[in-house]
Structures are given as C-alpha cells and as structure tokens.
1. Identify, from the list Glu41, Glu52, Glu61, the residue that is under 25 Å from Trp125 (Cα atoms) and without any contact (Cβ under 8 Å) to a residue 24 or more places away in the chain.
2. If a residue must be of a type in the set (A, V, I, L, M, F, W, C) and in contact (Cβ under 8 Å) with a residue 60 or more places away in the chain, how many such residues does the stretch 8-38 contain?
3. Farther than 29 Å from Leu10 by Cα and among the aromatic types (Phe, Trp, Tyr): does that describe Phe66?
4. Mind checking whether some residue in the stretch 1-15 is out of contact with any strand residue (DSSP E or B) (no Cβ under 8 Å at 6 or more places or on another chain), at pLDDT 95 or above and more than 20 Å from Thr123 (Cβ to Cβ)?
5. Restricting to the stretch 46-103, name every residue that is of a type in the set (Gly, Ala, Ser), under 20 Å from Arg115 (Cβ atoms) and assigned to a loop (DSSP other than H, G, I, E, B).
6. Which residue, of Arg115, Arg99, Arg71, is open to solvent by less than 100 Å² (accessible area, probe 1.4 Å), touching a residue at least 24 places away in the same chain (Cβ under 8 Å) and of a type in the set (Lys, Arg)?
Amino acid sequence: MFRGVNPINLDVKGRMAIPARYREMIASHCNNQMVATIDTESRCLLLYPLPEWEDIQARIEALPSFNKVARRIQRLLIGHATDLELDGNGRLLLPASLREYAGLDKKIVLLGQGRKFEIWDETQWSATRDEYLDEVGEDTLPPEMLDLSL
C-alpha cells in the first residue's frame, strides 16, 4: 500500500502534510483515521491506518503481561499510541511528545513500509540508511528470503 521515501517539512505547529498520492487511499481505507506510536528499536515513529493498528494492538494486548519483554512492548507501543486524523488539507498534527522522541524538527522523511509509514528526522534517516548500506553481507538472511529474487 505505502512505499517510497517522501521528504516533508513540519510546520511550526508540528503538522506534516501527507503527500497527495496517499490521501485518497487513506480516506477510502480508514476515513482519514491514523495512529502514530514510537518504534521501540529506532528513534522514529510508526504511522498506521486505524484498521491496521487495531489488529496490531489486539495482538500486542494478547501477549502475556507477566512476561517482562511483552510488557515492555505493551507499555511502549500502546502507551505512546496516539489517534490522529488528516485535516481538510491532508495534514496530521504530530504531538510534541512523539516529535521529541523521534527528534523531529523541520525536515522529516515519510518512509512507506507497505501497510504503515515510518516518520524519521531527515538527517537521522540518511545516517541510518547509510549504516544499512554499509552492513550489506554482515547479517544472515532469514530462510524466507533465500528464494526471493529482486
């Protein structure tokens, strides 16, 4: 559904304009209702259409709360989850707490990841992307990817 790297500017109020090519899809799929939360592994935000988030939240809630790692994930992902709605101009207002977590200032990147977006500070995304490119060949591919041809 969502793909591509989209440079975006945050306005002074913390609003980001969703690129026009995604707006109709978002309107028809989730009636402009989105959910943003933190990524627990990287200093970026995750942005989901509401139906996708509801599926993920149900699976997170089903994890055993007495498991320390599961409880950590529940607290971080669900605890930071924030309902957002695209306004009439296709903008989302990112709360200050989420912007602060991800280090978002003026220049950000909206990174399509299929059923969700990631929102990165532009400089941080560039550095992370470069690290990923430098790591090529250092990790073992999961078995599911061995038969994939690009």
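1. That would be Glu41, the only listed residue that is under 25 Å from Trp125 (Cα atoms) and without any contact (Cβ under 8 Å) to a residue 24 or more places away in the chain.
2. Let us first name the residues in the stretch 8-38 that are of a type in the set (A, V, I, L, M, F, W, C), namely 8, 10, 12, 16-18, 20, 25-27, 30, 34-36, 38.
Then keep just the ones that are in contact (Cβ under 8 Å) with a residue 60 or more places away in the chain; that gives 8, 10, 16-18, 20, 26, 36, 38.
Qualifying residue count, the stretch 8-38: 9.
3. Here the answer is yes, as Phe66 does meet what is asked.
4. Within the stretch 1-15, not a single residue is out of contact with any strand residue (DSSP E or B) (no Cβ under 8 Å at 6 or more places or on another chain), at pLDDT 95 or above and more than 20 Å from Thr123 (Cβ to Cβ).
5. Ala62, Ala81, Gly90
6. Testing whether each residue is open to solvent by less than 100 Å² (accessible area, probe 1.4 Å), touching a residue at least 24 places away in the same chain (Cβ under 8 Å) and of a type in the set (Lys, Arg) leaves just Arg99.
The values are calculated or read from the model by the stated rules, or taken from the named source; none is laboratory data. Source: prediction; values computed, not measured. Cβ atoms come from the backbone with ideal geometry, glycine included; neighbour counts cover every protein chain shown. Quick note on the areas: whole protein, heavy atoms, side chains included, nothing else; ligands and nucleic acids left out. Shrake-Rupley method; radii C 1.70, N 1.55, O 1.52, S 1.80 Å.
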